[in-house]
1. Region 230-315: D in µm²/s via Stokes-Einstein (Kirkwood Rh, Cα pairs, 25 °C, 0.890 mPa s)?
2. First compute the accessible area of the chain with a 1.4 Å probe, then give the percent of it belonging to carbon and sulfur atoms.
3. Taking 35 Å as R0, compute the FRET efficiency from the Cβ-Cβ separation of Glu142 and Glu661 and round it to 0.05.
4. Counting only the heavy atoms of the protein chains, how much of Met175 is accessible to a 1.4 Å probe, in Å² to the nearest 10?
5. Which order do Ser392, Ser352 take when ranked by solvent-accessible area (1.4 Å probe, heavy atoms of all protein chains), largest first?
6. If the viscosity is 1.002 mPa s and the temperature 20 °C, what Stokes-Einstein diffusion coefficient in µm²/s follows for region 10-158 when Rh is the Kirkwood radius over Cα pairs?
7. To the nearest 10 degrees, how steep is helix 638-661 against the longest Cα principal axis of the chain, on a 0 to 90 scale?
8. With everything on Cα atoms, drop me the angle between helix 505-516 and the longest principal axis of the chain, reported from 0 to 90° to the nearest 10.
Amino acid sequence: MTLFEPADIHPAWLPPEAFRAIGSRRTLVRGDGPLVDTVREEVKRACARYGGGVRHHTPDETGDQTAAGEPFDLVLALSAAGPLPAVAEMVQAEFRRRRGPTGHAIGDEGFVIARSGGVTVVLADEAAGLLHGLFHVVRLGEPAFGAARPPEHHRPAMPRRMLDHWDNVDVHPVMGQVERGYAGGSIFWRDGAPRGDLGRVRAYGRLLAACGVNAVTVNNVNVHTTEAHLLTDRLGDVAAIAAELRPYGIRVHLSAGFASPVVLGGLPTADPLDEDVRKWWAEATERVYETIPDFGGYVVKADSEGQPGPFAYGRDHADGANVLADALAPFGGVVHWRAFVYNHRQDWRDRSTDRARAAHDHFARLDGLFRDNVILQVKHGPIDFQTREPVSPVVAAMPATRVAVELQVTQEYTGQQRHVCYLAPMWSEVLGFRPWGPAGPAVAHLAGAAADGDGEAPDGRAPGEGGGLVGVSNVGDDAYWTGHPLAQANLYAFGRLAWAPWTDPAAILDEWIDLTFVPVATGDHEGLRRVLHTMMDGSWRTYERYTAPLGAGFMVRPGHHYGPDVDGYEYTPWGTYHFADRDGVGVDRTRATGTGFTGQYPPPWSQVYESLERCPDELLLFFHHVPYEHVLRGGSTVIQHIYDTHFTGVEQVAEARSLWETLAGTGSVPAALHARVKDLLDEQFRCAREWRDQINAYFLRKSGVPDVHGRHIP
Ligand code: GCV
């Protein structure tokens with residue numbers, strides 16, 4: 001297997017130097033199979049660079065020493081790979097003793113790591129676990145070879161950790177090569193054809209495996225004509241991508257068009273209850289598995305923003321999802337069926353229709369009707385990836401359905417990878433939200449996470465029954481992968497939170513900083529770490545401060561969604577309104593006087609959100625229409641809060657820009673990367689001022705209430 005290190009592409013969190021600790025040691029890799037080969041190749045390459053050695057015992061070989069008679073420093077072994085070195089046997093025995101007779105096995109992707117007698121041992125039941133264990137050692141770096149450590153069991157909280165690419169094969173006339181992509185073209189497709197440079201795909205798989213992702217969807221959920229053919233006559237293109245990702249344990253999924261039986265099969269209907277349609281899906285899927293035996297499954301956006309779906313045939317979404325699920329079931333595949341279904345042709349005059357309600361209205365009544373291999377993929381908020389939304393009530397409304405939570409790693413509404421906006425704190429809040437209050441399970445549990453990554457989920461489900469975590473990828477063919485070099489941290493954090501949802505976002509940022517910036521450790525690394533934490537830890541809240549206030553959302557320029565336009569969507573059919581007038585602002589979603597959306601939550605949140613007094617400030621305008629002089633729980637009035645946060649937000653961007661400047665010429669980060677971030681911070685500052693001035697001017701003009709501090713508002 002050839003490992004690929006493109007010279008002109010930034011190595012992100014896997015620079016060669018991140019492997020120094022491993023590469024300078026003597027390692028035994030024990031086990032066989034393609035993923036074990038990947039582990040061995042990784043270690044071999046690191047050793048070639050840093051002078052260590054790697055040995056691969058054959059099953060009948062044993063021994064605790066290298067050929068030169070020296071002890072190993074690191075043993076990476078499959079637990080069933082025959083006689084293990086004595087230290088590994090000891091670790092295994094100790095792990096078994098600790099977990100007791102009813103404890104968990106190491107698990108498909110899990111691993112055990114320990115250090116004893118000067119040897120670091122990683123054990124896994126399956127090769128995928130060994131690969132994750134290797135990357136764990138990379139993350140630990142030198143400390144992996146320091147003090148003794150008892151066996152630690154690591155395993156992913158979510159069974160499936162998937163990135164969806166909204167990549168088009170053809171360049172779409174409006175959306176381009178990558179819908180909502182801010183990092184150049186697609187790494188898979190260019191101008192209607194595969195790109196051909198599969199080495200980059202391999203390098204991508206490697207990065208993803210190193211942060212815990214194990215599934216990728218290679219085309220946009222909006223399936224246009226050319227893309228539809230990936231399912232049939234262009235399946236070979238998908239197989240080629242799958243072949244590059246497979247060595248890193250990543251399975252490929254495909255966005256499939258619901259009308260495929262008509263579009264590709266020439267049938268007169270795509271009615272899910274039609275026998276010919278069922279047969280068509282079954283046969284098409286069988287061919288997919290003949291070509292890609294480890295194919296993951298389909299992702300479907302149906303009856304949404306113009307995509308075809310079961311409604312056209314008077315069927316519901318369980319009927320729609322189940323026909324695909326039945327086709328996939330014999331092969332162990334799953335269908336990710338998106339819950340993003342709403343009327344995008346709403347009359348803005350119609351105050352009774354509430355887009356926030358739509359997904360729950362459509363799906364809650366279908367709970368229990370989906371096949372086991374249907375995963376309902378729910379956007380984390382009820383509207384659309386806004387900077388601040390409550391958690392979607394659908395997540396709690398489907399106890400008999402596997403639910404995956406969908407996050408947007410690509411920064412469509414959070415600065416489009418021109419603004420620094422570290423999203424892990426937002427995702428952490430989402431994953432930690434407890435729909436039934438403090439005693440109930442959190443969103444992470446409902447998506448399949450064990451209580452602590454290692455125990456049973458509090459709602460009694462065994463870990464792994466949920467649908468997992470899905471992120472819309474922020475990657476393109478840009479040299480830094482993500483356009484903004486600091487946006488790499490979002491991709492990394494997505495994988496890490498899907499693996500271990502309870503990890504502190506600041507700790508994840510530390511991991512990312514240490515891996516990514518090790519190569520230029522000539523500078524002041526601790527200083528760099530401080531600067532990056534100051535710039536990034538609170539950057540989501542900073543972004544929130546200078547954009548739409550208090551959960552109002554959607555004050556962006558229509559179409560491309562960058563920059564402010566307070567009324568841009570106010571009189572459109574999209575269902576995204578704020579209802580500002582001279583007296584007040586916000587959407588009344590209460591049961592008492594509004595759209596009744598608050599009733600889609602179980603208690604206590606149905607009551608908390610309903611109550612003007614108890615509703616959290618940051619979501620006030622999402623749930624209530626209030627006068628400008630309404631006093632927030634925080635003590636300020638709504639209007640003064642708007643002014644204050646917008647001035648503060650811009651000041652914080654200015655501070656971030658000055659801080660970054662202090663790194664110039666210090667050697668802490670490469671000069672080219674420094675220059676790229678500097679330019680982007682200039683743009684962020686410009687844009688933040690524009691947001692501040694438009695929002696403040698808009699609300700001053702509407703309300704006539706002056707800023708108590710008398711600051712200039714244009
Ligand atoms: C892929 C939002 C985006 C669309 C996207 C859609 C979705 O509406 O603006 O570009 O379409 O979400 O999630 O399907």
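The values are calculated or read from the model by the stated rules, or taken from the named source; none is laboratory data. Nothing here was measured: the structure is a model prediction, and the numbers come from that model. Note that each Cβ is placed from the backbone with ideal geometry, even for glycine, and that neighbours are counted across all protein chains shown. When the accessible area is computed, the model is the full protein with side chains, heavy atoms only, and any ligands, DNA or RNA have been set aside. Shrake-Rupley method; radii C 1.70, N 1.55, O 1.52, S 1.80 Å.
1. Roughly 178 µm²/s, to the nearest whole number.
2. After summing per-atom areas, the C and S share lands at 52 percent.
3. Result of the calculation: an efficiency of 0.65.
4. Solvent-accessible area, nearest 10 Å²: 50 Å².
5. On the way: Ser392 5, Ser352 95 Å².
The ordering from most to least exposed comes out as Ser352, Ser392.
6. On the way: Rh = 15.2 Å.
Translational diffusion coefficient: 141 µm²/s.
7. Taking the Cα atoms of the chain, the angle to 638-661 is about 40 degrees.
8. So the inclination is approximately 50 degrees.
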